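Single-structure report; data block below.
The values are calculated or read from the model by the stated rules, or taken from the named source; none is laboratory data. Just so you know, these numbers come straight off a predicted model, no measurement behind them. Glycine also receives a Cβ, built like all others from the backbone with ideal geometry; neighbour counts cover every protein chain displayed.
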Amino acid sequence: MATKKAPAPARRGAPAARTRILVLSGPNLQLLGTREPDVYGRETLAGIHARLRARGAELGVQVTARQSNHEGRLCDWIGGARGKFDGILLNAAAYTHTSLALLDAIKAVAVPCVEVHLSNPEAREAYRHASRIAPACVAKVSGFGADSYLLALDGLVRWLASRPG
C-alpha cells in the first residue's frame with residue numbers, strides 16, 4: 001500500500017528547513033532482539049533506528065536516534081533539544097513510571113514529545129499503568145511492537161504539519 005508523503009512542517013521563524021526529530025530510548029532497550037522477545041519482539045534497536053531513518057527520509061524529516069540507560073543523559077539530551085529539534089519521540093522504558101526528572105525536562109524545553117512503548121503498559125503489571133511523563137507529551141503510541149516508533153514518527157510529523165504558523 002502506497003503511503004502519501006506528508007509535507008515537512010515548517011518551523012516557526014525559520015525558512016523551509018528540514019524538520020528534525022530526536023528519538024530517545026531508555027534503559028535496557030539496547031537489549032532488544034534478545035530481551036523478552038515474547039513481550040518486546042525480536043527486532044534490535046539498531047534495526048528500529050534504521051527503519052526510522054528510512055521512514056524519516058520518505059517523510060522529508062531528519063531522524064537522530066539515541067539510547068541511554070542513564071536518566072541524567074536522557075535529561076541532558078532533552079534539555080539540549082530546544083532549537084535543534086522540532087519534536088521528540090521518547091521511549092523512556094522503566095523511567096516512564098518513575099521519572100519526574102524526565103517530566104520536568106520535557107516541560108522545560110517545550111519541544112513536542114510523543115511517548116512511545118513497544119508493549120501496551122496498561123495491559124501489563126499494575127505498576128506499569130501510570131506514566132509520569134504523559135502530562136508533558138502531546139500523544140502516546142504503544143502496543144505495536146517496533147512499529148510503535150514508526151507510527152509515532154508518522155503521527156508527530158503530521159501533528160507538527162498541522163500546527164498554525
Next item on the list: Among the residues of the stretch 97-107, write down those that are within 12 Å of residue 134 (Cβ to Cβ) and at pLDDT 95 or above.
Entry: 99, 102, 103, 106, 107
Check: Does the stretch 111-120 contain any residue that is free of Cβ contacts under 8 Å to residues at least 60 places away in the same chain and hydroxyl-bearing (Ser, Thr, Tyr)?
Finding: no
Item checked: Members of the stretch 119-137 that are part of a loop (DSSP other than H, G, I, E, B), modelled with pLDDT of 90 or more and over 11 Å from the mean Cα position of the chain (by Cα) -> 131, 132, 133
Check: If you go through the stretch 146-158, how many residues are in a helix (DSSP H, G or I), in contact (Cβ under 8 Å) with a residue 60 or more places away in the chain and surrounded by 15 or more Cβ atoms within 10 Å (Cβ to Cβ)?
Finding: 7
Next item on the list: Taking residue 86 as the residue in question, decide whether it is at pLDDT 95 or above, crowded, with 20+ Cβ neighbours inside 10 Å and of a type in the set (D, E, K, R).
Entry: yes
Item checked: Answer residue from the stretch 13-25, given it is within 18 Å of residue 112 (Cα to Cα) and in a loop (DSSP other than H, G, I, E, B) and is modelled with the highest pLDDT among those -> 18
Note to self: I'd like to know if the stretch 138-145 contains one or more residues that are surrounded by 20 or more Cβ atoms within 10 Å (Cβ to Cβ), in contact (Cβ under 8 Å) with a residue 40 or more places away in the chain and either under 14 Å from the mean Cα position of the chain (by Cα) or in a helix (DSSP H, G or I) (or both).
What the structure shows: no
Next item on the list: Could you list all residues from the stretch 42-83 that are outside any helix (DSSP H, G or I), within 15 Å of the chain's Cα centre (by Cα) and either closer than 20 Å to residue 95 by Cα or small (Gly, Ala, Ser) (or both)?
Entry: 65, 66, 67, 68, 81
